[in-house]
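Structure first, commentary second.
The values are calculated or read from the model by the stated rules, or taken from the named source; none is laboratory data. Since we're looking at a predicted model, the values are computed, not measured. Don't worry about glycine lacking a Cβ; one is built from the backbone with ideal geometry, like all the others, and counts go over all protein chains shown. These area figures cover heavy atoms from the full protein model, side chains too; ligands, DNA and RNA do not enter into them. Shrake-Rupley method; radii C 1.70, N 1.55, O 1.52, S 1.80 Å.
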Amino acid sequence: MSGSTGPIILEGVYFDGQSSRDQPATLTVDGQTVTLSVAAGAGLGLPGTLPLVHRWPARLLGVEAPIPGVRRAVTLPGGGRFETRDDAGVSAWERASGRNRALSGVRALESRPWAALAALGVSLAALALFVIYGIPAVARQAAFATPRSVLATFDRETIDFLEEGEYFGPSRLSAARQTQLKTEFRKVAAWAGGGYPYRLLLRDGEAGGLNEMGANAFALPGGTVVMTDQLVELAKSDRELMGVLAHETGHVTGRHGLAGVYQALGLTLVTTVITGDIVSAGTFAAAVPAALLRGGYSRAAETQADEVSGAYMLKTYGTTKPLQTMLARLEQDEEEAGDSSRTSGPSIFDLLRTHPGTPERIAHLKRIEAEGELTPKR
C-alpha cells in the first residue's frame, strides 16, 4: 500500500474466472482508474516476461464486504477476481471512494469492545422484552386463531390423561343432584356464549389416587368444565357454585388456558395447531395436560374471569357476594387442611393458588358490585 495521498497499491493474487489457479498480481488505484498487473507465466515454471496489464474505470469494479480472517476481494469486469490480505489498503480505497460506508460503520463498532458490549446489552434487553411481552401477546393471538376442532382434541386428550393419572374418579353425587347442577350450569353457559359446546363434568376429587384434586373446578380450552364433589360439598348454596362456574367460562371465552399452554410448550408448535392438522394436533395435545398442570393463570386472566363471573352474578342474583363467600371459604378450608395433605397439587386447578390472591379478588368483586352492572371484557 502506498501513502495516503498517492496511488493505492495492493499486492495479491488474480483469478481469471476460468480456472481455480491464482496468479501473483498488483492492483493500483489511482483516482478513478484501476490498473491490474499480472505476472505472466507465474507459477508455471516459465521465465518471467513483461506483466499483463488491464485498466478499467474504478466504478466498474466491486469491493466485497470484509469477512474476518478472509482475504479482501475485488470483483473485476469479465468475471475476474483479485484478492489481497492488505485490508488497510482496501479500507483506504473504500474511504476515498465512499464504498461500503454502512459496512465500514459496522466494522468500526465491532472493533470497539464497548460498542460490542452495548450491542449485546441491547440484544439481551430486546430478548427480555420479547419473552415478557412478545411471547404472551403472540400466544394470545395464536390461542384465538386455533380452530374449534383442535380445542375439542385438547379437551378429550386432557380428560383422558387426568382419568388415567387418577386425578379424579367418577362422581359420588346422586343422579338427581348431578342433573340439577348441570341444568343450572346450562344457564351460565347460555349467558357466557361464544359458541362453545360447554359441558359440565362432575368428578370425585378424592378418588384415592396419588394426585387428588380435592375441592376444585377448572375449565379446558374447548368448553369442558370440571367440578369436584368436594367443591359441591363445601358450598352452602348453588349460587356459590354458579359463581365459580361462571368464572371458569370466563377462562374459556378468554382462551386463557390455551394461551398459557402455548407459552409453556413453545410457540414453534403453534403453527401446526393453527393449520388444523388434526394428526399433529393430537400429538401436540398429548403434551397439553402436563402444561396445564405446571401452569397457572396470569393476573390479568384471573381478573378478567372474575369480571365475567361478577357480571353474571349481578345480572342473575343482583350481587357478587356468593362468589366472595365461596372464595373466602376455599381459602379457609385450604389453611385448615394444611400443606401436608397436598404437597404437589396442580396449580391451574386450584382457585387459591392462582394470582391475584384471594383477598384481592374479593376486594375486586366488591368494587364490581359497588359500581353496578359490569360489561366484562371478552
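Lys377 is checked against (1) of a type outside the set (A, V, I, L, M, F, W, C); (2) at pLDDT below 75; (3) assigned by the TED database to the domain that holds Ala301; (4) within 21 Å of Val188 (Cβ to Cβ) and fails just one. What number does that condition carry?
For Lys377, the exception is condition (3).
Any residue at all in region 205-225 that's free of Cβ contacts under 8 Å to residues at least 12 places away in the same chain and surrounded by fewer than 22 Cβ atoms within 10 Å (Cβ to Cβ)?
No.
Mind counting the residues in region 133-143 that are of a type in the set (A, V, I, L, M, F, W, C) and either modelled with pLDDT of 80 or more or open to solvent by 100 Å² or more (accessible area, probe 1.4 Å) (or both)?
Looking only at that region, the number is 2.
Between a first residue in region 156-177 that is in the same structural domain as Pro197 (by the TED database) and open to solvent by 60 Å² or more (accessible area, probe 1.4 Å) and a second residue that is of a type in the set (D, E, K, R) and in a helix (DSSP H, G or I), which pairs have beta carbons less than 9 Å apart while being 6 or more apart in sequence or on different chains?
So the pair list comes out as Arg172/Asp229.
Being of a type in the set (S, T, N, Q), at pLDDT below 90 and open to solvent by less than 40 Å² (accessible area, probe 1.4 Å), is that true of even one residue in region 354-364?
Yes - at least one qualifying residue is present in region 354-364.
Which condition number in (1) open to solvent by 40 Å² or more (accessible area, probe 1.4 Å); (2) free of Cβ contacts under 8 Å to residues at least 60 places away in the same chain is the one that Gly121 fails?
Only one criterion is unmet by Gly121, namely (1).
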